[in-house]
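All remarks here apply to the structure that follows.
Coordinate-derived values only; no laboratory data. In this text the structure is predicted, and so the values were computed from the model without any measurement. Positions of Cβ are backbone-derived with ideal geometry, glycine not excepted, and every protein chain shown enters the neighbour counts.
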Amino acid sequence: MSGTLNKVMLIGHLGDEVKMHYFEGGGCVGRFPLATNETYVSKQTNERVTNTEWHNIVVRNKGAEICEKYLSKGDKVYIEGRLKTRKWQDDKGADRYSTEIQCTDFTFLSTKKESENSASNAPVAQKPAASQQATSEPAVEDNDDLPF
């Protein structure tokens, strides 16, 4: 294989609200931290250990606006994108580097409110999808007599 691949797939929880930045030409960019966890049992202490890794997510234009509207801190989301390292200078003129995930696709998995409700065994209301369109079809009842 002569090509290369730069692809990242993450499932995690938002660590903060989506921060938006708007440009003069009408474009925008949204940024937020995403936490992923790794859990294992320590062989020395037999205790459960959880390590959290933080990822800087960058979403552009319409995707950023959708994320800002529907995502909040604690929500679980699937992110797909590519790694990008930026070079910048701090206040003292020293070169600094930031590695970010340039998001190309995302799926909302659950909200923080849904997670809390399911933990307490309460019924969960689903948030409508951003691309879901209203239909004029009547609702189908679940009390039919089919055996399957």
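Rounded, prolate or oblate: which fits region 8-119, taking a ≥ b ≥ c as square roots of the Cα gyration tensor eigenvalues, rounded meaning a/c under 1.5, else prolate when a/b beats b/c?
In terms of gyration-tensor shape, oblate.
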Glu53, Glu100 arranged by Cβ crowding within 10 Å, fewest neighbours leading
Glu53, Glu100
Of all DSSP beta bridges in region 8-119, what percent run antiparallel (nearest 5)?
95
Where does each of Asp91, Asp75 land when they are ranked from fewest to most other beta-carbon atoms within 10 angstrom?
Asp91, Asp75
List the residues whose amide H sits under 5 Å from the amide H of Asp75, counting only those 5 or more places along or on another chain, with H placed 1.01 Å from N in the peptide plane.
Leu14, Lys112
So what are the ³J(HN,Hα) numbers for region 39-45, from phi and the Karplus equation (6.51, -1.76, 1.60; θ = phi - 60°), rounded to whole Hz, Gly and Pro as x?
10, 8, 9, 5, 6, 6, 10
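Shape of region 1-47 from its Cα gyration tensor (a ≥ b ≥ c, root eigenvalues): rounded if a/c is under 1.5, otherwise prolate when a/b > b/c, or oblate?
In terms of gyration-tensor shape, oblate.
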Using label points projected 7 Å from each Cα along Cα→Cβ, tell me how many nm separate Ser2 and Trp54, to one decimal.
4.3
How large is ³J(HN,Hα) for each residue in region 72-78, as worked out from phi by the Karplus curve 6.51 cos²θ - 1.76 cosθ + 1.60 (θ = phi - 60°), to whole Hz, x for Gly and Pro?
9, 3, x, 5, 9, 9, 9
Loop-resident sites, region 2-79, for chymotrypsin sites (Phe, Trp or Tyr not before Pro), counting at most 13 other Cβ within 10 Å (DSSP):
Phe23
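Hey, with R₀ at 35 Å, roughly what FRET efficiency would Thr36 and Asp95 work out to, going by the Cβ-Cβ distance, to 0.05?
0.80
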Of all trypsin sites (Lys or Arg not before Pro) in region 1-79, which ones are in loop regions per DSSP and have a Cβ with at most 16 other Cβ atoms within 10 Å?
Lys7, Lys43, Lys73
Does region 46-91 come out rounded, prolate or oblate by the C-alpha gyration tensor, with a ≥ b ≥ c the root eigenvalues, rounded set by a/c under 1.5 and, if not, prolate when a/b is larger than b/c and oblate if not?
oblate
Determine ³J(HN,Hα), in whole Hz, for all residues of region 7-14 in sequence, where each value follows from phi through the Karplus function 6.51 cos²θ - 1.76 cosθ + 1.60 and θ = phi - 60°; x replaces Gly and Pro.
9, 10, 10, 10, 10, x, 10, 5
Please work out the C-alpha center-to-center distance from region 92-114 to region 24-58 and express it in whole Å.
9
